[in-house]
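The structure under discussion appears below in the form of structure tokens.
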Amino acid sequence: MIDIAIAFAFACFGAAIMMCLWRIITADGVGTRVLALDTMVINTIALLILYGLTLGTEVFFESAMIIAMLGFVSTVAYARFMLRGNIIE
């Protein structure tokens, strides 16, 4: 039963990534693109966690934490760039 649930979750998060990619391509404003990219990072983290559950290994959980940190830092840096025009003062 858990195999069916994991397969369904893979399909849902894969569809969510494709929708975010579509939104990045067709968005009007930069803010919408940043939000879609941040949501795409969260969906990628979910896919890594599901893949780690499927294989039964802990390596993917650690890589998900690294991607989460990089996603947060990149979102903050891009938001700061949009507000002030530079990242490092």
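Coordinate-derived values only; no laboratory data. Quick caveat: nothing in here was measured; it's all calculated off a predicted structure. Ideal geometry is used to build each Cβ from the backbone, glycine not excepted, and the neighbour counts take in all protein chains shown.
Packing around the peptides 9-15, 39-45, 52-58, taken as the average count of other Cβ atoms within 10 Å per residue, puts them in this order, highest first: 39-45, 9-15, 52-58. When +1 charges are put on Lys and Arg Cβ atoms and -1 charges on Asp and Glu Cβ atoms, the dipole computed for the chain relative to its Cα centre reaches about 320 debye. Note on Val73/Ile25: beta-carbon distance plugged into 1/(1 + (r/R0)^6) with R0 of 25 Å gives a FRET efficiency of 0.55. Working note: 222 nm ellipticity from helices only, DSSP H runs with n ≥ 4, each -39,500 (n - 2.57), summed and divided by the residues of the chain, gives -31000 deg cm²/dmol to the nearest 500.
Across all directions, the average projected area of the convex hull around the alpha carbons of the stretch 2-84 is 5.6 nm².
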